[in-house]
Number of protein chains: 2
Amino acid sequence: MVPGPAVSIRDVASQAGVSVGTVSNVLNRPDIVAASTRNRVLAAINELGFVPNDAARQLRRGRGRTLGLVVLDVANPFFTDVAKGVEDTTGAAGMAVIFCNSDGDPAKESRYLDLLEEQRVQGVLITPVDDANERLVRLRERGVLVVLLDRRSTRPDVCSVAVDDRLGGELAMRHLVEAGHRRIAFVGGPWRLEQVRDRYHGALHALREAGLAEETLRRFETPSPTVAAGRDAASRILGLPRSARATAVFCANDLLALGVLQELTRQQVRVPEDIALVGYDDIDFAAAAAVPLSSVRQPRQRLGQTAARLMLDEANDPDNHQHQQVIFEPELVVRESSQYARTSG
Amino acid sequence: MVPGPAVSIRDVASQAGVSVGTVSNVLNRPDIVAASTRNRVLAAINELGFVPNDAARQLRRGRGRTLGLVVLDVANPFFTDVAKGVEDTTGAAGMAVIFCNSDGDPAKESRYLDLLEEQRVQGVLITPVDDANERLVRLRERGVLVVLLDRRSTRPDVCSVAVDDRLGGELAMRHLVEAGHRRIAFVGGPWRLEQVRDRYHGALHALREAGLAEETLRRFETPSPTVAAGRDAASRILGLPRSARATAVFCANDLLALGVLQELTRQQVRVPEDIALVGYDDIDFAAAAAVPLSSVRQPRQRLGQTAARLMLDEANDPDNHQHQQVIFEPELVVRESSQYARTSG
DNA sequence: AGGCCGGGCTGAAACGTGTCAAGGTTAACC
DNA sequence: GGTTAACCTTGACACGTTTCAGCCCGGCCT
């Protein structure tokens, strides 16, 4: 009931009949202590149920065994898959992950960064809400490792792991243009997210490449990249007279696309016959949607694994660490939601 | 580049011309220090960019400002929603959440509990892999608060927040029985998960209540509660001759149900005409599925919020804390996947 | 004037660990 | 038997806080 007296390294030492230093050595450099002593100490540890206090270790060592992961939305399967990748890699290295959800809110992000700094985390893996690296630079100056996640670093001395979002936008748009679409809606937001902007500009680029006017792509900004916001955007799109209405919709992520799909279906607009739909991320649920969703696939788990690996590398050997900006290539997965060649406007 | 010398409470003190004790008081009990002194200290803190070291604080105080959350699967939207509820509540209280993913693996769960113990977390919110409370009891004895999540506590001195899984199973089964189904498959697993067993037994109970034989319900155990396992279970179900084949499937969660749905569709079995389908959890994607999925809804965010609240309550006022076993009621949401009254076997 | 009170601050002692210079023991070698 | 080296172990200090007994000082009461 009442928490018994915490057992410390000192208790172990006296129980095993050695000094505290030796116990510490058994814990941290088992090789330098004689086997017989080591066993005696281990026995004492077991008997007393000693659990090292990481706070004390951290205090002494300067940094702890935790790292922070800051994502835009826990509820988005894209990020949970990334998180899984991170966790795989760090878990194997005996590190703990403090999981933070910025919800796309700069204030919340900032609060979490404060918290992580107080925890003296080894490093932070983060998908920043906006480009104000300001804060992150300060973090680095204080010795906190920073790896940008799903975002390309503009500074050569900061690692990043990202996917080529412009290319992703191009792939999606080229696909729709080739299918004959000439009025296309882009649904995404908030605009402050670089991913959204990049995917949009990639799409624009594909348009120009095909010799089409920029007006071919109409922008519908959403307040958040969620299913509900997608439903909302869809009704805005349907609010236009049919002759001006888009015949295809490209969404900046799959949650938006699923929302759009729901609302279109509710209003009895057929997908893909009346409106074609392409999402982004290719989350597992895209393939299981009411109309299986075409989507731009990203290597989600690898993203997380690579970022974690980069961080561990730098943590273990800061001197010969080479900062890297890793870029993966996305891949278009065509499913039913965009399988309908349009022959007339 | 090179991390400058870390600034400590001592630097702040000398900069402000006060003692360390006073700085500490400014941080922790601002009211007992004179306004003028306080301002001087705050100014120094700002100027030096001082960030308190939580490890030192924790070392002194005994326990830190973090808590552990251990779930069965990060990739399952049910748990991410729960996590969101937890994070809402703890974030507001300035606590950090260490997020752990046991993946249903007892060994991994155990490793994470070790880690959390070393971190000296205030408490642990956990959905245990199995019923071996053994480990959790030990944790409590050492002063780590424990709240069971999505699992009913059998001990009166441990808080828990759960949903009535037997009732959920009953609701689903009653629905199918009333629609005329007489050969029903239950898909769920691994069996070691109490949730799975409870939902199954609830289903059995509804069956008996309706005066039907227990053989009406056939069990298909899965190695994990995932989409892939669901696909697999579906092909096992379809392996039976049509006359013996179930006309309805009740899945222990929505991921399984989505997997079943995918495989049935692939093999051109119609849902709900040929086989009706009911899932569990009512994750957001259930409504957006190829065939909108009937499901048993749980108050996911509230689950997380309530658990976190219980833990904070006990942490803040251990003496008059009343341990509680909160039980929420699930609710059946009927959608297209089970909307087909069966008139003949 | 003396006594007392209390607000405001100080200084030092912990908390549990890692580190490292120094000491101690043993074995091997001449 | 003495020297040396190799190998283990020790003991004390440092890490950055919180806490608490105590000090100082101005004001109030008698």
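How large is Rg over Rh for region A:9-52, taking Rg from the Cα atoms and Rh as the Kirkwood inverse mean of 1/r across Cα pairs? Don't jump to the answer; show the numbers that get you there.
Values: Rg = 8.9 Å, Rh = 9.8 Å.
With Rg and the Kirkwood Rh in hand, the quotient comes to 0.90.
Measure nothing fancy, just the Cα-based angle from helix A:194-209's long axis to the longest principal axis of chain A, in degrees from 0 to 90, nearest 10.
The answer is roughly 40 degrees.
Relative to the longest principal axis of chain B, what angle (0 to 90°, nearest 10) does the C-alpha long axis of helix B:106-118 take?
20
In region B:141-289, with Lys and Arg counted as +1 and Asp and Glu as -1 at Cβ, which of these residues, B:Ala286, B:Val249, B:Ser235, has the Cα nearest the positive end of the dipole, that is, farthest along it?
B:Ser235
Can you put A:His181, B:His175, B:His201 in order of accessible area, largest first, using a 1.4 Å probe? Let's see the in-between values first.
Numbers: A:His181 0, B:His175 35, B:His201 70 Å².
Putting A:His181, B:His175, B:His201 in descending order of accessible area: B:His201, B:His175, A:His181.
With +1 assigned to the C-beta of every Lys and Arg and -1 to the C-beta of every Asp and Glu, and no other charges, what is the dipole magnitude of the protein assembly as shown about the Cα centre in debye, to the nearest 20?
With Lys and Arg at +1 and Asp and Glu at -1, about 280 debye.
Net charge near B:Gly279: determine it from the other residues with C-beta under 13 Å of the C-beta of B:Gly279, scoring Lys and Arg +1 and Asp and Glu -1.
Working: positive: B:Arg199, B:Arg297, B:Arg335; negative: B:Asp254, B:Asp281, B:Asp282, B:Asp284, B:Glu336.
Counting the neighbours of B:Gly279, the net charge comes to -2.
Please give the direction-averaged projected area of the C-alpha convex hull for chain B, in square nanometres with one decimal.
22.0
Quick one: with label points 7 Å out along Cα→Cβ, list the inter-copy distances for B:Ala34 in nm, shortest first?
For B:Ala34, the other copies' label points sit at 6.2 nm, shortest first.
Please compute the modelled spin-label separation between A:Glu329 and B:Glu178, points set 7 Å along Cα→Cβ, answer in nm with one decimal.
Each label point lies 7 Å from its Cα, and together they span 5.6 nm.
Measure nothing but the geometry: give the 0 to 90° angle between the long axis through the Cα atoms of A:227-238 and the longest principal axis through the Cα atoms of chain A, rounded to 10°.
Helix A:227-238 sits roughly 10 degrees off the main axis of chain A.
Show me B:12-20, A:163-171 ranked by packing, highest mean number of other Cβ atoms within 10 Å first. Please list the in-between numbers first.
Numbers: B:12-20: 17.0, A:163-171: 23.3.
Result, highest mean Cβ count within 10 Å first: A:163-171, B:12-20.
How many angstrom lie between the C-alpha centres of region A:125-164 and region A:208-244?
Value for the Cα centre distance between the two parts: 31 Å.
Skip the ligands, DNA and RNA, and give the accessible area per residue of region B:9-52 with a 1.4 Å probe, whole Å².
56
In a shell of Cβ-Cβ distance under 15 Å around B:Ala93, excluding B:Ala93 itself, what net charge do Lys and Arg (+1) and Asp and Glu (-1) give? Please report the intermediate quantities before stating the final value.
Values: positive: A:Lys108, A:Arg111, B:Arg63, B:Arg65, B:Arg309; negative: A:Asp114, A:Glu118, B:Asp54, B:Glu87, B:Asp88, B:Asp313, B:Glu314, B:Asp317.
Counting the neighbours of B:Ala93, the net charge comes to -3.
Mind ranking B:234-241, B:54-61 by how tightly packed they are, going by the mean number of other C-beta atoms within 10 angstrom, highest first? Display every interim value, and only then the final one.
Working: B:234-241: 15.0, B:54-61: 18.4.
So the order, starting with the most tightly packed, is B:54-61, B:234-241.
Which residue, A:Asn39, A:Asn101, A:Asn253, has the most motion in a Gaussian network model of chain A that connects Cα atoms within less than 10 Å?
A:Asn39
Which one, B:Val147, A:Val137, A:Leu310, projects farthest toward the positive side of the charge dipole computed for the protein assembly as shown from Cβ point charges (K/R +1, D/E -1)?
Result: A:Val137.
Using Cα centres only, tell me the gap between region B:299-343 and region B:58-83 in whole Å.
17
Got the B:Arg61 label distances to the other copies yet, label 7 Å along Cα→Cβ, in nm, shortest first?
Going from nearest to farthest copy, the values are 2.2 nm.
I need the inter-copy label distances for B:Glu134: point set 7 Å along Cα to C-beta, values in nm with one decimal, smallest first.
5.5
To the nearest 10 square angstrom, how much accessible area does B:Ser24 have with a 1.4 angstrom probe?
Surface accessible to solvent at B:Ser24 totals approximately 40 Å².
Sorted by accessible area (1.4 Å probe), largest first, how do B:Tyr340, A:Tyr280 line up? Please report the intermediate quantities before stating the final value.
Numbers: B:Tyr340 100, A:Tyr280 0 Å².
Reading off the accessible areas and sorting them downward yields B:Tyr340, A:Tyr280.
Using all alpha carbons of the protein assembly as shown, what is the percent of pairwise distances in each 10 Å bin, ordered from the shortest bin to the longest?
3, 14, 21, 23, 20, 12, 6, 2, 0
What number, rounded to the nearest 500 deg cm²/dmol, is the helix-based mean residue ellipticity at 222 nm of chain B, given -39500 (n - 2.57) per DSSP H run of at least four residues and division by all its residues? The partial results should precede the final answer.
Numbers: 13 runs with 152 residues, N = 345.
Value at 222 nm, helices only: -13500 deg cm²/dmol.
Normalised by the empirical 2.2 N^0.38 Å for globular proteins, what value does the Cα Rg of region A:223-332 take?
Numbers: Rg = 18.8 Å, N = 110, 2.2 N^0.38 = 13.1 Å.
In units of the 2.2 N^0.38 Å rule of thumb, it is 1.43.
In terms of Cα to Cα distance under 22 Å, which lysines are near enough to A:Lys108, apart from those fewer than 8 places away along the same chain?
Candidates past the 8-residue exclusion: B:Lys84.
The values are calculated or read from the model by the stated rules, or taken from the named source; none is laboratory data. Being a predicted model, the structure only gives us computed values, none of them experimental. No Cβ is skipped: glycine too gets one built from the backbone with ideal geometry, and neighbour counts run over all protein chains shown. In case anyone asks, the SASA skips ligands and DNA or RNA and just uses the protein heavy atoms, side chains included. Shrake-Rupley method; radii C 1.70, N 1.55, O 1.52, S 1.80 Å.
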